[in-house]
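Reading through the structure tokens given below for one structure.
The numbers here are math on the coordinates, done by the rules we state, and not lab data. Owing to the predicted nature of the structure, the values given are computational and were not obtained by experimental measurement. Here Cβ is always computed from backbone atoms with ideal geometry, including for glycine, and neighbour counts include all displayed protein chains.
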Amino acid sequence: VSCGWRNGPAMFIGVLRRAIEDDDVTIDFISISRFVPDSGRVKIKHDLECDIGGRDVVLVEDIVDTGLTLAYLLGQLSARNPRRLSTCTMLDRPQRRIVPQEIDYRGFELGTEYVLGYGLHVRDLYRNLPYGVAADRDTLVSRPGADVGRVSPGAGRAVGAPGSGEGPGCGGS
Ligand code: 5GP
């Protein structure tokens with residue numbers, strides 16, 4: 001079973017699914033309310049439809065930042081007695097970690113840059129970009145729909161894009 005949190009990792013999960021030859025894979029989604037650091041308040045908005053008891057589960061994230069979301073989801077899923085529970089993230093920003101997390105499968109490691117595209121969004125915009133770009137979040141919040149190439153200090157610098165020499169790429173892995 002491959003479980004994604006909200007629709008952020010959906011694009012990434014599609015790529016992973018195509019790379020897995022095994023037919024017996026179920027893709028399911030769990031959605032929680034946004035984690036407010038220090039409040040500890042979070043709730044499941046949409047739960048998995050399948051029973052993961054006794055199954056091998058990979059929890060797939062788009063990006064792990066503080067690690068709070070991943071820690072919460074791991075707690076929820078492990079209580080359902082999967083046979084094995086592993087973690088996978090497209091992007092990892094270990095510098096901001098509050099809850100230490102061992103991640104089994106990692107795509108790219110980020111610094112402090114804010115990233116959009118390939119499922120990652122600001123106010124539900126830019127999810128559909130076929131690559132990840134570093135952009136200035138504050139500018140995009142004040143100018144919704146702005147062209148990331150024009151507002152990013154790095155001119156929409158690609159993060160692990162195909163052909164960038166940084167590995168398989170957010171857009172082509
Ligand atoms: P955490 O609980 O690890 O702090 O946060 C994970 C969530 O924060 C991600 O699933 C994502 O929704 C959001 N997030 C963290 N960093 C970024 C980023 O650079 N860009 C975007 N668009 N969302 C981010």
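On the basis of the beta-carbon distance and an R0 of 22 Å, Val99 and Lys45 show a calculated FRET efficiency of 0.60. The GluC sites (Glu not before Pro) of segment 11-71 that meet both conditions, a loop assignment by DSSP and at most 10 other Cβ atoms within 10 Å of the site Cβ, are Glu21, Glu49. What is the percent of Cα-Cα separations in segment 52-143 that go past 17 Å? Pairs farther apart than 17 Å: 55 percent.
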